[in-house]
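Everything on this sheet refers to the single structure shown next.
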Amino acid sequence: MHFNVALNYGSRIEILDAVKALCRLNSTGEVKPEEITDELFSRHLYTSGQPDPDLLIRTSGEFRISNFLLGSLPTRKFTYANLVAGLPTTRFLQGHH
């Protein structure tokens, strides 16, 4: 199981950093634009080497991903929950597997 905590994270900046890295590779002749694939792009994301998430649990009750892992989440399962104080997290997670 992989568990990520992101502090001061913004997916737009992550994507921009990946694009800049690929542009640098292109400017040195290491990579041609037609050689840029989804896999190559993914290798330049902050989560490089980690599997894409299978599940995102949004506990605030908001129905949006809020600029979070935009390069990794579009085809994943989402669970939105407005957790009630006092409800054990393990009980919540058991109901959503």
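The values are calculated or read from the model by the stated rules, or taken from the named source; none is laboratory data. Just so you know, these numbers come straight off a predicted model, no measurement behind them. Cβ coordinates were reconstructed from backbone atoms using ideal geometry, including for glycine residues, and neighbour counts include every protein chain displayed.
Select from segment 1-11 the residues that are surrounded by 10 or more Cβ atoms within 10 Å (Cβ to Cβ) and not small (Gly, Ala, Ser) and write down the one among them that is farthest from residue 69 (Cα to Cα).
Going through the qualifying residues, I end up with 4.
A single member of 66, 42, 11 is modelled with pLDDT under 90, closer than 24 Å to residue 1 by Cβ, small (Gly, Ala, Ser) and touching a Leu at 6+ places or on another chain (Cβ under 8 Å), and it is 11.
Within segment 18-42, the set of residues being small (Gly, Ala, Ser) and either in a helix (DSSP H, G or I) or surrounded by 14 or more Cβ atoms within 10 Å (Cβ to Cβ) (or both) comprises 18, 21, 27, 42. The C-beta contact set for segment 25-47 (first residue under 18 Å from residue 13 (Cα atoms), second residue surrounded by fewer than 16 Cβ atoms within 10 Å (Cβ to Cβ) and of a type in the set (Phe, Trp, Tyr), distance under 8 angstrom, 6+ apart or interchain) comprises 46/9.
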